[in-house]
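Below you'll find the structure, written out as structure tokens, and then a few comments.
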Amino acid sequence: MELTINGRAHRLEVRTVADVIAHFGLAGKAVVVEADGEIVDRDRWAEAELRPHMKLELVHFVGGG
């Protein structure tokens, strides 16, 4: 499926937001997902189905010092 993720085109074999999170190795990390301008609650990632050409923004937080 063709998706735009963080401004870049990607062709991924995914069905849900949870699949995208797993693909990028972000499972279990502090991540916020926006799909076509709407924040997707973490508890809905597994059921939030994607459509071709959706725009996703994945923001993950990195600590440091």
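The values are calculated or read from the model by the stated rules, or taken from the named source; none is laboratory data. What you see is a predicted model, and the numbers here were worked out from it, not measured in a lab. When we count neighbours, we look across all protein chains shown, and the Cβ atoms used for this are built from the backbone with ideal geometry, even at glycine. Just so you know, the surface numbers come from the protein's heavy atoms only, side chains and all, with ligands and any DNA or RNA stripped out. Shrake-Rupley method; radii C 1.70, N 1.55, O 1.52, S 1.80 Å.
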Working with all protein chains in place, sort Met1, Met54 by solvent-accessible area computed with a 1.4 Å probe, largest first.
Met1, Met54
Only Cα pairs under 8 Å and at least 6 apart count here; give the relative contact order of the chain as a rounded whole percent.
44
CD proxy, 222 nm, the chain: helix-only mean residue ellipticity via -39,500 (n - 2.57) per DSSP H run with n ≥ 4, per residue, nearest 500, stands at -2500 deg cm²/dmol
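Looking at the range 1-59, which GluC sites (Glu not before Pro) are DSSP coil and have at most 14 other C-beta atoms within 10 Å of their C-beta?
For GluC sites (Glu not before Pro) across the range 1-59 that sit outside H, G, I, E and B with at most 14 neighbouring Cβ atoms in 10 Å, the list reads Glu13, Glu47.
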